[in-house]
There are 2 protein chains.
Amino acid sequence: MSSLWLISQHVRSMSEPQLSMLWSLAADIQEELRQGAAKPYRDVIKVCWGDLHSGRLKPLTFVRQVLAACFYPQLLESSKLPPDVKRRAEWLLERCEGGSVGSYTLTAGIGDVVQRISEFIRRRDGGVPSRPENIFITSGSQRALTKVLKVLVSSEASPRAGVLVPVPGHSVTMSSAVAQGAVTVPYFLCEEEGWTLKVEELQRALDSAQGVCSPLALYVINPGNPAGLVQSRESMQEVVRFVAEKKLFLLADEVYQDYVHGGSSRFVSYKRVVAEMEAPLSDSVQLASFHSASKGTMGECGLRAGFVELLNVDSAVMEFVYKLFSTDSCAAVSGQVALDVMSCPPRPGDPSYPRYRQETQHIRSTLAHNVKRAQEVLDRLPGLSCQPAAGGAFLFPRVQLPPKALRRAQEAGIEPDTFYCMKLLEEAGVLVSPGCDFGQKEGTHHFRVSLLVCSDVMEELLRRVSSFQTDFMKEFS
Amino acid sequence: MSSLWLISQHVRSMSEPQLSMLWSLAADIQEELRQGAAKPYRDVIKVCWGDLHSGRLKPLTFVRQVLAACFYPQLLESSKLPPDVKRRAEWLLERCEGGSVGSYTLTAGIGDVVQRISEFIRRRDGGVPSRPENIFITSGSQRALTKVLKVLVSSEASPRAGVLVPVPGHSVTMSSAVAQGAVTVPYFLCEEEGWTLKVEELQRALDSAQGVCSPLALYVINPGNPAGLVQSRESMQEVVRFVAEKKLFLLADEVYQDYVHGGSSRFVSYKRVVAEMEAPLSDSVQLASFHSASKGTMGECGLRAGFVELLNVDSAVMEFVYKLFSTDSCAAVSGQVALDVMSCPPRPGDPSYPRYRQETQHIRSTLAHNVKRAQEVLDRLPGLSCQPAAGGAFLFPRVQLPPKALRRAQEAGIEPDTFYCMKLLEEAGVLVSPGCDFGQKEGTHHFRVSLLVCSDVMEELLRRVSSFQTDFMKEFS
């Protein structure tokens, strides 16, 4: 029996990321290499995701020691683990039912870990109060965002609900919104001015929604993904006034808050910006802010833990938020452990502090070096231009595809930038994400490259891309 | 600004479990005890969930050693870990990007782990083929079920989509179905005959849906939750014929497959039953079967990992399944590690085998003892009757509430069985789940009690419930 009739219309309208196809191709190439195939490279460098450990940057020892001791408490008797690791593991195990990280926790997470996250937020935001009951730990920040969207978006609404999303932006979020039955309304970041977000453009996007959908939320990513803008407080204040005036719920994806690459830029949270504005804005703008253990110097993507903090959300809405979050069980306890360490890392004087400091500084300096070096190299290559990034984990260079390359892509029936990425993968063994997965202005082409790799990999990557790009431009000019 | 308008109608129609309120009350009582309050008990026994470790049954050493070594690979150099633990950890780390469990894996899980799950299924099902590409690892089986429901249920459909659900049944599933926009159509299990599932009742339920919704799926739980029926192959074949005839998608929740308490009952998977039936049934009935690392002798609820295997699903539908599953990142890698061990445990001859065997046998025999002992004690108490359970992690005794108790509940404005559970919690320090959270025939009252506790806790639990029940019946008769 055929069962296409079964499929939800909203799920049908989701688009498939082009990266899936490239990922499969990369797997095939890796298999060929394993079998001894002769290629101009010995391995595939995967810089399509922002994944610190996959980029050969090492996990933080303190985090891993605490996790090992939580999973296998016999290690608490070992003399090899520092005393602050043991203390932390004991503290956490006392807060697990039956003293095991294998037990369920509360849906929102272990109470005292949520409390520590709340204290972390308060410190981060210069003392702005944070209430633990507004914080929910989830299996990654993306999961929290989907949940919040699910509460907000009435899939059965007419006209349909709209969510303003940045272009370029995080494709999974847009997919999630569409799967909930929302219409995504694109607003374009201004590439020429370093991918800035302009309120006039938000207004244009809102106007464009007229007659199409009823916009109820604005989604922003700061620091940016794929383009690494770090918003200024002034720009954020303009955004806050805009959402207040238009009665939009503000969804602030702030998972890259720990990646700001020096210079004059500084991360300020939307929570802090809202809270420090004048009344009634400070106590009326409804905000959900997302963070994650997958990013920062910790980079524990595989642990799947993030959280959302809600601000100024009606108690009546909060009731439904609780209800919906409780249909999921808790987030993996290993991830909750990581969030605890993220919120409350070793401090000066603790036995693990010197090593922790050295490891985190190494990651920060590697990243700061990578962003500068990659931007300079890529921006100088023929047919490429690359805006600098003040923050985030990526660069999003623009590719000037020669007409011959555009024709070839068309003949192959694939997107032009997917064609480019496929050639880069096949000929240079470098896997990046095509710009079309993130959205881009019509007629422009880009790719996203992760900077979360160790220096050796970055140098090899830049060598390969440089050589490929020169050949590519020759071949297709 | 008020924002109730924001909330999705489907989310509004979800009902809140009564357990939430009881859980908060339990937390208050625990706090009072900590502060030295005088009560007739020293602690709260929480048997409201099926959680092995919270019930003081110990984690399996092999699983925990492998996890510790994966998180902190320096342990691979220690002489304290058995060689098969080290081999397993090395095997797993080789399959993680960058050699770290902190990296993302494929959405469906680490390829070779999925392969092992597929081999486990094939062994379990007496050689019936299982294809890795039909298996998706997720953050718990419940997550997989929600995803499958999301593909199936068109929230915008008219008439609305219907899902047949057992009563009593797993409340979170019903909540998820409602949140997706489906109508749940209850079918009643026959308490008097040991909570059996009857096809006549499925037919009655289907008829009752006429004019209300358009049923597209049947959800079964085998072994049962909250009532521990283990279906016979004959009964399952009848169900398969029914779904084939009515063109329903079969959702088989089989997470308790490892809990069958001796006697003549034996777990057979729906996958196997379908595959071994005659054509065209064997290659046309569409099935999703769910399993989890949270149950079995492993009981690693806190790791959040489960999987779904799909059978006979149209390739066109599969495409959307892939798409929807890929909006989530992978499941936590710690959970994937646990699933690997579940699929491929130590074997005779392996250094860890004797200990593994002893630990798993201890859990099995404790559970088999608990189910027998608890059923006998509870069934004999005044005002209680309790069907035996052939499988699963729970008993679901029926409470005959005296009219005076019913009146008191009504005066307090709460469900009668919530009133009963509240008294049990306050007076005896035992937290169970009220029957109304699972659904029950009108005018009947039940509670669900977990059997996943060590023997000491079980004895103390039965002492408390016995004494409470006698007093309760006296007080309210």
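Of all residues in the stretch B:198-212, count the ones that are touching a strand residue (DSSP E or B) at 6+ places or on another chain (Cβ under 8 Å) and either of a type in the set (S, T, N, Q) or within 14 Å of chain A (Cβ to nearest Cβ) (or both).
1
Restricting the search to the stretch A:104-163, which residues are part of a helix (DSSP H, G or I) and either of a type in the set (A, V, I, L, M, F, W, C) or not assigned by TED's automatic domain parsing to the domain that holds A:ASP314 (or both)?
Listed by number, the residues that qualify are A:VAL113, A:VAL114, A:ILE117, A:PHE120, A:ILE121, A:ALA144, A:LEU145, A:VAL148, A:LEU149, A:VAL151, A:LEU152.
Restricting attention to the stretch A:77-92, which residues are surrounded by fewer than 17 Cβ atoms within 10 Å (Cβ to Cβ) and either in contact (Cβ under 8 Å) with a residue 60 or more places away in the chain or not acidic (Asp, Glu) (or both)?
A:SER78, A:SER79, A:LYS80, A:PRO83, A:ARG87, A:TRP91
What is the residue count in the stretch A:427-452 for residues that are in a loop (DSSP other than H, G, I, E, B), in contact with an Asp or Glu (Cβ under 9 Å, 6 or more places away or on another chain) and under 29 Å from A:PHE188 (Cα atoms)?
Result for the stretch A:427-452: 5.
Of the conditions (1) touching a strand residue (DSSP E or B) at 6+ places or on another chain (Cβ under 6 Å); (2) of a type in the set (Val, Ile, Thr); (3) within 12 Å of chain A (Cβ to nearest Cβ), B:VAL114 clears all except one; give me its number.
Here B:VAL114 meets the rest and fails (3).
Just need a number here: residues in the stretch A:250-300 that are surrounded by fewer than 18 Cβ atoms within 10 Å (Cβ to Cβ), within 14 Å of chain B (Cβ to nearest Cβ) and of a type in the set (Asp, Glu).
1
Among the residues of the stretch A:179-197, is any at positive phi, within 14 Å of chain B (Cβ to nearest Cβ) and modelled with pLDDT under 95?
The answer is yes; a qualifying residue exists.
If you go through the stretch A:398-407 one residue at a time, do you hit one that is touching a residue at least 24 places away in the same chain (Cβ under 8 Å) and within 22 Å of A:SER175 (Cα to Cα)?
Checked the stretch A:398-407: no residue is touching a residue at least 24 places away in the same chain (Cβ under 8 Å) and within 22 Å of A:SER175 (Cα to Cα).
Considering (1) over 30 Å from B:LEU424 (Cβ atoms); (2) at pLDDT below 95, say which one B:GLY50 fails and leave the rest.
Evaluating B:GLY50 over (1) over 30 Å from B:LEU424 (Cβ atoms); (2) at pLDDT below 95 leaves (1) as the failure.
Kindly indicate whether any position in the stretch A:404-424 is closer than 29 Å to A:VAL66 by Cα and part of a helix (DSSP H, G or I).
No, the stretch A:404-424 has no match at all.
If only one of A:PRO168, A:PRO132 is without any contact (Cβ under 8 Å) to a residue 40 or more places away in the chain and surrounded by 18 or more Cβ atoms within 10 Å (Cβ to Cβ), which one is it?
Selected residue: A:PRO132, the only one of A:PRO168, A:PRO132 that is without any contact (Cβ under 8 Å) to a residue 40 or more places away in the chain and surrounded by 18 or more Cβ atoms within 10 Å (Cβ to Cβ).
Checking the structure you have, find out if any residue of the stretch B:159-171 is closer than 24 Å to B:THR107 by Cα, within 12 Å of chain A (Cβ to nearest Cβ) and not hydroxyl-bearing (Ser, Thr, Tyr).
There is no residue in the stretch B:159-171 that is closer than 24 Å to B:THR107 by Cα, within 12 Å of chain A (Cβ to nearest Cβ) and not hydroxyl-bearing (Ser, Thr, Tyr).
Counting only residues that are within 18 Å of A:ARG64 (Cβ to Cβ) and more than 12 Å from chain A (Cβ to nearest Cβ), how many does the stretch B:76-87 have?
1
Let me confirm something: among B:ASP314, B:ASP350, which residue is surrounded by fewer than 20 Cβ atoms within 10 Å (Cβ to Cβ) and modelled with pLDDT under 95?
Sole residue among the options that is surrounded by fewer than 20 Cβ atoms within 10 Å (Cβ to Cβ) and modelled with pLDDT under 95: B:ASP314.
Out of (1) touching a Ser or Thr at 6+ places or on another chain (Cβ under 9 Å); (2) closer than 29 Å to B:SER175 by Cβ; (3) within 14 Å of chain B (Cβ to nearest Cβ), the odd one out for A:VAL321 is which?
Of everything listed in (1) touching a Ser or Thr at 6+ places or on another chain (Cβ under 9 Å); (2) closer than 29 Å to B:SER175 by Cβ; (3) within 14 Å of chain B (Cβ to nearest Cβ), A:VAL321 misses just condition (1).
Taking only pairs six or more apart or across chains, which ones have beta-carbon atoms under 8 Å, a first residue in the stretch B:58-75 that is at the interface with chain A (Cβ under 7 Å from one of its Cβ atoms), and a second residue that is assigned to a helix (DSSP H, G or I) and of a type in the set (Val, Ile, Thr)?
B:GLN65/B:VAL85; B:LEU67/B:VAL337
Restricted to the stretch A:301-318, and to residues that are closer than 14 Å to A:GLN142 by Cβ and aliphatic (A, V, I, L, M), which residue is farthest from the other protein chains (Cβ to nearest Cβ)?
A:VAL308
Considering only the stretch B:94-103, how many residues are within 11 Å of chain A (Cβ to nearest Cβ) and out of contact with any Ser or Thr (no Cβ under 6 Å at 6 or more places or on another chain)?
Residues meeting the conditions: 4.
Looking at B:SER329, B:SER352, which is the one that is of a type in the set (Gly, Ala, Ser), in contact (Cβ under 8 Å) with a residue 24 or more places away in the chain and not assigned by TED's automatic domain parsing to the domain that holds B:SER130?
After ruling out the rest, the residue left standing is B:SER352.
Out of the residues in the stretch B:155-165 meeting the condition of being touching a strand residue (DSSP E or B) at 6+ places or on another chain (Cβ under 6 Å) and under 22 Å from A:SER154 (Cα atoms), tell me which one is surrounded by the fewest Cβ atoms within 10 Å (Cβ to Cβ).
The qualifying residue surrounded by the fewest Cβ atoms within 10 Å (Cβ to Cβ) is B:PRO159.
Run A:GLU427 past the list (1) buried (at least 21 other Cβ atoms within 10 Å of the Cβ); (2) touching a Phe, Trp or Tyr at 6+ places or on another chain (Cβ under 9 Å) and report the number of the one that doesn't hold.
With respect to (1) buried (at least 21 other Cβ atoms within 10 Å of the Cβ); (2) touching a Phe, Trp or Tyr at 6+ places or on another chain (Cβ under 9 Å), A:GLU427 is out only on (1).
Go through the stretch A:32-54 and count every residue that is over 15 Å from A:ARG448 (Cα atoms) and crowded, with 24+ Cβ neighbours inside 10 Å.
Matching residues across the stretch A:32-54 total 2.
The values are calculated or read from the model by the stated rules, or taken from the named source; none is laboratory data. Everything numeric in this text was worked out from a predicted model, so none of it was measured. Ideal geometry is used to build each Cβ from the backbone, glycine not excepted, and the neighbour counts take in all protein chains shown.
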